[in-house]
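Nothing in this text is a laboratory measurement; each read-out follows from the coordinates by a stated rule. Computed from a predicted model, the values in this text were never measured in an experiment. Cβ sites come from the backbone with ideal geometry, for glycine too, and all protein chains shown count toward neighbours.
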Amino acid sequence: MSAAALRFIRCRRLSTAGHPGLKKVLQWKDLRNVTKVTSAVILGGSLFITYEVVALDKAVTIDTSAILQEKYKSYIYLRATPSDENDNLTAELTYKARKELHKAARRFLEMSSRLLLQSLDEHFSSVDADPHEVALWVLLKRSQSANKATRLQAVQEIADNHHWHDYQYQTAAQFIDQRTAVGLARSPQVDLRFFLPPPLLPDMEDDLSAEEGLRQLLASLPLSEVDKCVQYFTSLALRESTQSMAAQRGGLWCFGGNGLPYAQSLTSVPLEKVESFCLQALVQHSKVQSHCDHIVANGGLQILQRLYQLRRDSLKIQRNIVRIIGNLAFNEGVHEAIAQSGWVSVLAEMMQSPHIMQASHAARALANLDRETVKEKYQDGVYILHPQTRDNQPIKADVLFIHGILGAAFKTWRQKDINMSEEETEGRMRDDYTECWPKSWLAADCPNLRVLSVDYDTHLSDWMAKCPAENQRKSLAYRSQEMLKKLKLAGVGERPVIWVAHSMGGLLVKKMLLDASDDPDMRDLLRNTKGIVFYSVPHHGTSVAEYSVNVRYLLFPSVEVRELCKDSPALRNLNENFLKMAKEKEFKVLSFAETLPTNIGPMIRILVVPTQSANVGIGELIEVDVDHLNICKPEKKDSFLYKRNGEQRKRRAISLRCLLYCSFPSFWPTAELPAPVNMVNVHKGVLVECDPAMKQFLLYLDETMALGKKFILKDLDDTHVFILAEVVQTLQERVGELMDQNSFPITQK
């Protein structure tokens with residue numbers, strides 16, 4: 001190794017060796033640096049953690065001031081600023097007087113509770129509320145009382161008061177139970193703020209989800225032990241659904257998947273039509289009691305609720321939905337589920353609909369839900385037109401409306417359609433036109449009557465039948481038995497009954513009465529039948545049936561039409577048996593006969609029911625210049641088809657209104673008698689002068705000639721009759737006969 005290399009090595013060693021003290025200084029400096037860094041990290045981390053803890057605490061901690069705020073009134077009182085000192089003084093005095101009255105009412109409640117040895121509810125006696133709120137709380141508590149009379153009175157008072165504030169309605173909606181909610185829904189003109197809105201449903205992507213839900217619900221329902229019509233409607237609904245139709249569009253337009261959009265648009269079925277098919281099938285299933293539980297368990301109430309909200313613009317779909325709810329409500333076991341799914345509020349809203357059909361469907365469903373005041377049950381096809389709400393007036397008689405072929409429970413009994421200009425039509429529809437005159441007119445004139453309308457499917461031809469498998473159901477015998485069961489459940493027969501029937505409905509009424517005479521369970525219905533009104537009923541058949549039978553290979557006439565053949569032995573036997581029974585039971589019978597032909601097709605006009613066929617052989621028969629369809633549709637309330645109008649007709653005429661009054665004079669409001677009016681006072685020889693206690697014995701007759709007064713007089717008490725002098729001449733014939741027989745003396749006044 002060279003001398004230069006040795007010197008370099010020595011220098012290197014000297015430079016790296018260093019001083020021992022200097023080494024210690026360097027180690028201490030490193031320790032201080034480490035300490036500083038560590039302290040900074042710890043301090044920063046602590047601050048960060050503290051910040052996060054504080055932020056998290058703020059995020060999860062509830063502001064107690066918000067809770068405290070809920071203890072105060074959420075209602076904002078807006079008071080008008082007085083214009084002068086006098087107004088200010090008046091407002092102040094009014095406020096103080098109202099406050100003192102509320103305090104006095106509260107003290108009265110407490111005092112009455114002590115006097116009756118019943119302690120006021122602890123919640124109410126200690127509640128921190130304004131005096132005017134105590135009344136609401138007392139009523140809400142009483143609505144859940146164990147005493148039925150107390151509950152009913154409380155519900156009525158709650159519904160009758162319309163001065164509650166918004167927050168009080170919200171409080172009441174949270175407090176009331178299912179029974180109270182149904183009672184409020186059946187109260188006249190109840191405030192809808194008493195009802196909670198239906199529970200929110202999960203959002204769906206599009207309308208197809210509701211249709212898919214209906215299909216899945218139908219597919220889940222059992223088809224065993226059900227009749228062929230239920231199976232038919234179910235298979236039809238599933239086949240006509242959108243997705244099934246798309247699956248059937250194969251061939252050239254489909255390439256291993258769904259059909260091309262263009263091809264689908266050419267043959268697609270409207271979604272609402274598919275939904276209607278599904279709803280028709282559900283209607284049939286809801287008639288089967290065992291299927292109702294399946295519908296509820298599979299979410300049917302929620303599916304129907306969603307569809308109802310989606311189709312608010314379709315009255316027909318809404319009616320079918322509520323019809324299903326009414327059928328489900330027939331079973332008390334599902335009442336709680338119906339209430340919890342929000343249907344009570346929906347039905348309460350529909351009850352106030354201006355459309356009579358909508359309101360009547362809702363009224364039927366609510367009546368089936370109301371087990372507090374309604375003991376009757378209304379099966380599918382039996383609709384209550386009056387009273388649709390809770391009413392304190394006792395029901396003294398039932399009036400039943402039965403439609404005919406191609407008729408319906410509502411459209412058959414609508415007011416007559418008149419050809420008018422669009423402007424006039426809108427004005428009339430807005431003012432006084434009615435979709436159902438028994439609901440609008442008869443209920444107003446006779447509030448103590450229960451008015452029912454019965455619905456059933458009829459067809460002129462089996463090509464038009466909704467269910468091809470129900471031919472055996474179309475006969476009079478089958479329909480009679482089926483309808484009698486429904487009317488029995490509806491309580492028909494427990495009080496006096498009047499039947500009003502159009503066309504084939506009259507034959508059905510006669511068959512039901514004959515069947516009731518043979519059934520011990522239905523004898524009350526026969527015994528309480530007081531009168532029958534027939535509107536163009538083919539008692540001896542109709543030529544339309546002959547026409548259909550002659551071309552049976554083209555028209556394929558239905559069972560109903562084949563039973564209406566002219567001079568049919570079955571009809572002859574039915575009428576003979578009915579006449580024998582009617583004379584024995586002394587039924588009051590009124591018949592209307594058409595005189596104008598009916599347009600049944602292009603260039604075809606036929607007198608459907610001639611006068612000879614409309615004559616049942618007992619009671620009064622009146623010919624009317626109308627066709628078969630309009631015979632039961634009065635043009636206006638003053639029409640003699642509804643009441644008596646002798647000034648327009650010079651023939652003897654007695655109407656439904658007069659027959660009702662003749663059968664049940666105590667049900668007619670004497671305060672609304674038309675002028676001029678002549679009174680016939682009848683009460684076992686005592687002249688009655690409008691004594692309120694004796695009003696039930698008053699009977700009025702119009703002074704106009706030829707109104708069938710003799711018909712009424714036959715039903716008066718044969719002991720003594722007191723009449724006004726003006727009508728003596730009008731009643732001369734009948735009075736003379738009675739005087740010759742010395743059956744009773746006549747006193748003129």
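Nearest 0.05, what FRET efficiency do D519 and V60 give at R0 = 45 Å with Cβ-Cβ as r? Result of the calculation: an efficiency of 0.05. In this simple spin-label model, placing a label point 7 Å from the Cα along the Cα-to-Cβ direction at both I600 and A97 gives a separation of 7.3 nm.
Karplus-derived 3J(HN,Hα) values for the range 515-527, using 6.51 cos²θ - 1.76 cosθ + 1.60 with θ = phi - 60°, are 5, 5, 5, 9, 10, x, 6, 10, 4, 4, 4, 5, 5 Hz; glycine and proline are entered as x. Our estimate of slack between L406 and A570, defined as 0.36 nm per intervening residue step minus the Cα-Cα distance, is 56.9 nm.
Between Q178 and D432, take the C-beta separation as r, use R0 = 56 Å, and let me know the FRET efficiency to the nearest 0.05.
Once rounded, the FRET efficiency stands at 0.90.
The fewest-to-most ranking of E435, E482 by surrounding Cβ atoms within 10 Å reads E482, E435. Placing a pseudo-label 7 Å from each Cα along the Cα-to-Cβ vector at D293 and T373 gives an inter-label distance of 3.2 nm. Placing a label point 7 Å from the Cα of E157 along the Cα-to-Cβ direction, no residue of the range 182-197 has a backbone N closer than 11 Å. Note on A219 and K36: their simple-model spin labels are 7.6 nm apart, each label 7 Å out from Cα toward Cβ. The stretch between Y167 and A149, if pulled fully straight at 0.36 nm per residue, gains 3.7 nm over its current Cα-Cα span.
Amide hydrogen proximity for I532: with H placed 1.01 Å from N in the peptide plane, the residues at 5 or more positions away or on another chain lying under 5 Å are W499, K588, V589, L590. Net length available on complete extension from I395 to L201 is 65.7 nm, with 0.36 nm assigned per residue and the Cα-Cα distance removed.
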